[in-house]
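These notes concern the structure reproduced below.
FYI, it's all coordinate maths here, none of it is from the lab. As the structure is a prediction and not an experimental result, all values here were calculated from the model. Quick reminder, even Gly has a Cβ in these numbers, built from the backbone with ideal geometry, and neighbours come from all protein chains shown.
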Amino acid sequence: MKRSDDSRSLARSVETLQRTINRAGPAIAASYGLVGAILVCGGAGYALDAWTGRRPVFLVGGLVLGVVVGLYQLARTLWHR
């Protein structure tokens with residue numbers, strides 16, 4: 001008897017975990033989009049700085065642009081619900 005109760009409890013726990021992960025999926029994807037936008041725009045700014053010889057100008061601009069784009073994507077995803 002105890003073994004069947006444990007297996008039912010485990011099955012319910014797994015189902016609850018799966019539902020939670022499915023509901024959190026869009027927020028997780030949006031947060032990865034935020035980090036990705038910062039890295040891509042910051043990397044492009046760094047490359048432009050290295051190419052033109054102007055040290056922090058394009059890097060800072062790229063990071064700011066990455067934050068703006070990433071937060072826009074995050075807000076659009078979360079407010080869509």
Length gained when the stretch Arg54-Gln18 is fully extended (0.36 nm per residue, less Cα-Cα span)
8.0 nm
Let me see the P(r) profile for the chain: every Cα-Cα distance counted, bins of 5 Å, each bin given as a percent of all pairs.
3, 15, 14, 12, 10, 9, 8, 7, 6, 5, 4, 3, 2, 1, 0
Compute the acute angle (0 to 90°) between the alpha-carbon long axis of helix 2-52 and the principal axis of greatest extent of the alpha-carbon atoms of the chain; round to the nearest 10°.
0 degrees
Relative to the present Cα-Cα distance, how much length would full extension add between Leu10 and Trp79 at 0.36 nm per residue of separation?
21.5 nm
Ranked on Cβ counts within 10 Å of their own Cβ, fewest leading, Asp6, Asp49 go Asp6, Asp49
With a sphere of radius 14 Å drawn around the Cβ of Ala47, what net charge do the other residues whose Cβ falls strictly inside it have (Lys, Arg +1; Asp, Glu -1)?
+1
Using helices alone, what [θ] at 222 nm do you get for the chain, with -39,500 (n - 2.57) per DSSP H run of 4 or more residues, divided over all residues and rounded to the nearest 500?
-34500 deg cm²/dmol
